[in-house]
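My questions will all concern the structure given below.
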Amino acid sequence: MSAADIGKPIVEPEKAFAEATHALVVGPYLSDRASARLSVGGSLRAPEARLDEAEGLARAIDLDVVARELVMLTQIRPATYLGKGKVEEIAERVKEHDVHLVMMDCALSPVQQRNLEKEFGTKVIDRTGLILEIFGRRARTREGALQVELAHLNYQKSRLVRSWTHLERQRGGFGFLGGPGETQIETDRRLIQERMTKIERDLETVKKTRGLHRKSRQAVPYPVIALVGYTNAGKSTLFNRLTRSEVLAEDMLFATLDPTLRGLRLPHGARVMLSDTVGFISDLPTTLVSAFRATLEEVISADIVLHVRDIAHEDTQAQSADVEAILADLGIEAENRDRIVEVWNKLDLLDEAGREALIDAVAHRSPEERPFVVSALTGQGTDQLLAGIQEKLARGRSRFRVPVGATDGQGLHWLYENGEVLSREAEADGSLDLIVRLAPEKIERLLQRFPDASRDDEPVVSALLPPPESPPVEEPDDEPSDDDQD
């Protein structure tokens, strides 16, 4: 997808073409013994589960998966990745099922991809190429489309090794387009590099705009809560549940690509910004991690990171390890995990015995390591999650007892907008006595506006009361919605 295609809906012919494409999914995985012998880190996943995920990736862009093949390898062949016998066997299956596309769930070199296409007599795509196709289909904002195109061009540049005749012929010079004797492949590489340079400049502009948005939030600081997790862990469903929004949430890999921010009120009235991000996946192409770094800066700078896990998935532990590896790559190291909160989602998919066992296991963990168990679909556990976010944000914040005059409506509004009103007592003369909790950067403004405010260290036991005659708060979209972006 190019930047010119941004915002265009997926046209039916594109979907129809994909649905008419017979695909064979091949999972070529090193055996544990081979991984140990070659000093390659083995996967925590079972081979069948990895193949299931690969098939899910293929179906995510509507390919018609007519067959799948699990191949356990003792070594990786430099020319074709697979052994000669297995290549011939798969070539027979390609003919048998009239396969138009073979998806290899691994990273192929350009030479391996070309050789397999010759042997199979059909198009071959590897895991990186397929994920790029999915991202290209999902991108709906200018930033998302630019990031996908940059990653795609970077991937494609190394694959201009085809034996197509037009890439080998000599051509004359066209002024600034190329000197005499330049081959077509050299021209293609140079044109790709020029396009990549332009996209990088455009992304810098987008990055500066995002930085201005962040600065505007910091001027009236709202804590940022970022949702991260493995693809299809239920982040967008949880996002919708907490913010009462309607961002795309489907049982589909990479349903969400473009980041979305919405305002959210915590139980004590404090406002925060909740950010939904692209899902992570094992073996996420490094080109995509790099291209999406600007988007993921929202995660890097977040006050709290909610790591959403699909606790009902058989590979939940492996998925968690993949997410943590990417977080570490973003600079959020394991030893700096105080702001990461685990959210175990999809409780509704467990049977009653499983739910009880899970809740009991969680209850026996220390408070610092205890995850929040929720069902984003039914809402179970989300109230406790919001309370937990509020409690985590409250650490390091100060409480003040603030007298507010009976006619100081603006001051009362300021307190509700900028702090957490923990208790409120009305005096006989109509004035109010409030206990408010504020972030350190708000204290100076509080004392300027309310000189009689004093610190309060006593425990607060009274329940929060809503502001008197307070109209519903219109939560801002700090970022434009998908429909508003060009």
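The values are calculated or read from the model by the stated rules, or taken from the named source; none is laboratory data. Here the structure is a predicted model, which is why all the values come from computation and not from measurement. Please note: Cβ atoms are built from the backbone with ideal geometry, for glycine as well, and neighbour counts cover all protein chains shown.
For (1) surrounded by fewer than 16 Cβ atoms within 10 Å (Cβ to Cβ); (2) within 25 Å of the chain's Cα centre (by Cα); (3) closer than 17 Å to A23 by Cα; (4) not assigned by TED's automatic domain parsing to the domain that holds G279, each residue gets a yes or a no:
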{"residue": "A46", "(1), (2), (3), (4)": "yes, yes, no, yes"}
{"residue": "L63", "(1), (2), (3), (4)": "no, yes, yes, yes"}
{"residue": "L82", "(1), (2), (3), (4)": "no, no, no, yes"}
{"residue": "K95", "(1), (2), (3), (4)": "yes, no, yes, yes"}
{"residue": "V102", "(1), (2), (3), (4)": "no, no, yes, yes"}
{"residue": "I125", "(1), (2), (3), (4)": "no, yes, yes, yes"}
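Further, regarding this structure: Out of all the residues in the range 87-109, which are without any contact (Cβ under 8 Å) to a residue 60 or more places away in the chain and touching a strand residue (DSSP E or B) at 6+ places or on another chain (Cβ under 6 Å)?
L108
Let me ask another. When residues of the range 251-267 are filtered for being at pLDDT below 80, buried (at least 22 other Cβ atoms within 10 Å of the Cβ) and either small (G, A, S) or touching a helix residue (DSSP H, G or I) at 6+ places or on another chain (Cβ under 6 Å) (or both), how many remain?
Residues that pass the stated criteria total 4.
Yes or no, residue by residue, for (1) in contact with a helix residue (DSSP H, G or I) (Cβ under 7 Å, 6 or more places away or on another chain); (2) modelled with pLDDT under 55; (3) in the same structural domain as G269 (by TED's automatic domain parsing):
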{"site": "L415", "(1), (2), (3)": "no, no, no"}
{"site": "A426", "(1), (2), (3)": "no, no, no"}
{"site": "D429", "(1), (2), (3)": "no, no, no"}
{"site": "D433", "(1), (2), (3)": "no, no, no"}
{"site": "L446", "(1), (2), (3)": "no, no, no"}
{"site": "E469", "(1), (2), (3)": "no, yes, no"}
{"site": "D477", "(1), (2), (3)": "no, yes, no"}
{"site": "Q485", "(1), (2), (3)": "yes, yes, no"}
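OK, next. With respect to A406, is the statement that it is hydrophobic (A, V, I, L, M, F, W, C) and either touching a residue at least 24 places away in the same chain (Cβ under 8 Å) or in the same structural domain as R437 (by TED's automatic domain parsing) (or both) true?
Details: hydrophobic (A, V, I, L, M, F, W, C): yes; either touching a residue at least 24 places away in the same chain (Cβ under 8 Å) or in the same structural domain as R437 (by TED's automatic domain parsing) (or both): yes.
When the stated conditions are applied, A406 passes them.
Just for the range 291-316: of the residues that are in contact with a Leu (Cβ under 8 Å, 6 or more places away or on another chain) and part of a loop (DSSP other than H, G, I, E, B), which one is modelled with the lowest pLDDT?
My answer is D303.
Still on this structure, I have one more. Take I332 and decide whether it is under 30 Å from K442 (Cα atoms) and at pLDDT below 90.
So I332 passes the test.
While we're here: Report, by residue number, each residue of the range 334-370 that is touching a residue at least 60 places away in the same chain (Cβ under 8 Å) and either farther than 12 Å from A312 by Cβ or exposed (fewer than 12 other Cβ atoms within 10 Å of the Cβ) (or both).
Within the range 334-370, V343 is the sole residue that qualifies.
Related question: Name the single residue that is surrounded by the most Cβ atoms within 10 Å (Cβ to Cβ) among those in the range 404-433 being within 13 Å of H268 (Cα to Cα) and not hydroxyl-bearing (S, T, Y).
So the residue we want is L415.
Let me confirm something: among L70, L24, which residue is farther than 21 Å from E314 by Cβ, assigned to a strand (DSSP E or B) and in contact (Cβ under 8 Å) with a residue 24 or more places away in the chain? Working first, answer last.
Values: L70 fails: farther than 21 Å from E314 by Cβ.
Only one candidate qualifies: L24.
If you don't mind, another one. Which of the following residues is out of contact with any Pro (no Cβ under 7 Å at 6 or more places or on another chain), crowded, with 20+ Cβ neighbours inside 10 Å and either at pLDDT 90 or above or small (G, A, S) (or both): Q319, Q380, Q384?
Q319
For the range 317-333, how many residues meet the condition of being among the charged types (D, E, K, R) and not in a helix (DSSP H, G or I)?
Residues in the range 317-333 being among the charged types (D, E, K, R) and not in a helix (DSSP H, G or I): 1 in total.
Could you tell me which residue of the range 115-158 is nearest to V26 (Cα to Cα), considering only residues that are of a type in the set (S, T, Y) and assigned to a helix (DSSP H, G or I)?
Looking only at the range 115-158, we keep the residues that are of a type in the set (S, T, Y), and these are 122, 128, 141, 155, 158.
Next, only the ones that are assigned to a helix (DSSP H, G or I) stay: 128, 155.
Details: T128: 14, Y155: 21 Å.
So the residue we want is T128.
Could you list, in sequence order, all residues of the range 387-403 that are under 15 Å from V308 (Cβ atoms) and either surrounded by fewer than 17 Cβ atoms within 10 Å (Cβ to Cβ) or of a type in the set (A, V, I, L, M) (or both)?
Result: I389, single match.
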